[in-house]
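A.B. asks: Sharing a structure below in structure tokens format, with a few things to ask.
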Amino acid sequence: MNLKQLEYFVHVAELGSFTRAADHLRIAQPALSRQVRQLEIELRQNLLMRNGRGVTLTDAGRRLLDHGRGILHQIARAREDLEEMRGAPVGHVTLGVPPTVGRLITATLVDEFRRRFPKATLGIVEGLSVNVSEWLVSGRIDVGLVYNPTPTPAIETKPLVSEPLYLIGPAGAKRTPQRVGPPVSLKEVAAHGLIVPSRPHAVRMFVERGLADIGERIQVALEIDGIPSILDLVARGHGFAVLSLNAIRRDPLRERLLARPIVKPRLITTLTIATSAQRPMTPLGKQMLAMLRDVVPRELEDAGT
């Protein structure tokens, strides 16, 4: 196996067609087909199922695609690391963020990144904290923001922002621009039907563990994977949610929602910066970490004001 074969395979797999991949790579299609076929022969596995409409991945192909993306990502980072020795930070860095965080910080991060690193480029992908952790291990991303990560030798984490959780319910006839009502105990939360994301969403798991610690179980009214949809259903009276104030900070429904701080005990969720413990950070990546420590707490802590 060589890097050219791996690169060709990844392009064919992602574009779903030898023809489209050949056009993108600007090589002849027969040459591309030979390289991918040689890779299959070396690995003694069929990686692609060929049909009249293009190609689909076999199980072996899906596994190799995950590895291939990570390997090519790291090769690019190695080149950029050496290039940065000659001057200002260059290259590309990819950040993974949970959706509730992404909608609050993405625009500011892009503005600040372009101001600080005009010769570099930034990629941001959104996913659940568990997905962000998996992407770090595979090498798909360079830095991740994750909630309440499970300790693992493969990932290094540093706390960034702690956020209290609130019971979010419908405001009723009275609109509440300030969004905050009287506190509610965690035991009272257990009596409410909750609209929650499916497992393994980080906040869902955190709430379940918190309730278990006081001998209670979560009462699931609906499982909805999408914070905007959850808030819409809460506003319509279909149940309650447990989220941070950041979740409703910029939502158009916020005046139809009442947020009550959870106490006795408080539920505090922690957003951390996560990096791979198995790969060195590039100079650009290290400066990206410093930028995140500057920007993210300021953006998220503004939610309480």
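The values are calculated or read from the model by the stated rules, or taken from the named source; none is laboratory data. What you see is a predicted model, and the numbers here were worked out from it, not measured in a lab. Neighbour counts are summed over all protein chains in view; Cβ atoms, including those assigned to glycine, are modelled from backbone coordinates with ideal geometry. To get the accessible areas, we keep the full protein, side chains included, count just its heavy atoms, and leave off ligands, DNA and RNA. Shrake-Rupley method; radii C 1.70, N 1.55, O 1.52, S 1.80 Å.
A.B. asks: Any idea which of VAL143, VAL189 is surrounded by 21 or more Cβ atoms within 10 Å (Cβ to Cβ) and over 26 Å from GLY237 (Cβ atoms)? Spell out the reasoning first.
C.D. replies: Working: VAL189 fails: over 26 Å from GLY237 (Cβ atoms).
Within the list VAL143, VAL189, the selection yields VAL143.
A.B. asks: If you don't mind, another one. Pick from PRO151, PRO182: which is free of Cβ contacts under 8 Å to residues at least 60 places away in the same chain, of a type outside the set (Val, Ile, Thr), loosely packed, with under 15 Cβ neighbours inside 10 Å and more than 26 Å from GLU223 (Cβ to Cβ)?
C.D. replies: PRO151
A.B. asks: May I pose another question? I need a count of the residues in the stretch 230-276 that are open to solvent by 40 Å² or more (accessible area, probe 1.4 Å), at pLDDT below 90 and closer than 21 Å to VAL97 by Cα.
C.D. replies: Summing the residues that are open to solvent by 40 Å² or more (accessible area, probe 1.4 Å), at pLDDT below 90 and closer than 21 Å to VAL97 by Cα in the stretch 230-276 gives 2.
A.B. asks: Test THR100 against the criterion of being more than 21 Å from ALA277 (Cβ to Cβ) and hydroxyl-bearing (Ser, Thr, Tyr), and give yes or no.
C.D. replies: The answer is yes for THR100.
A.B. asks: Counting only residues that are of a type in the set (Gly, Ala, Ser) and open to solvent by less than 50 Å² (accessible area, probe 1.4 Å), which one in the stretch 41-77 is modelled with the lowest pLDDT?
C.D. replies: Here the answer is ALA76.
A.B. asks: Take the residues in the stretch 209-229 that are hydrophobic (A, V, I, L, M, F, W, C), open to solvent by less than 50 Å² (accessible area, probe 1.4 Å) and in a helix (DSSP H, G or I); name whichever of them is farthest from PRO183 (Cα to Cα).
C.D. replies: In this case the residue turns out to be ILE227.
A.B. asks: With the requirement that a residue be of a type in the set (Val, Ile, Thr) and in a loop (DSSP other than H, G, I, E, B), what does the stretch 125-170 give you?
C.D. replies: Across the stretch 125-170, the qualifying residues are ILE141, THR150, THR152.
A.B. asks: Pick out the one residue from LEU104, LEU122 that is out of contact with any Gly (no Cβ under 8 Å at 6 or more places or on another chain) and in a strand (DSSP E or B).
C.D. replies: None of the other options fit; the residue is LEU122.
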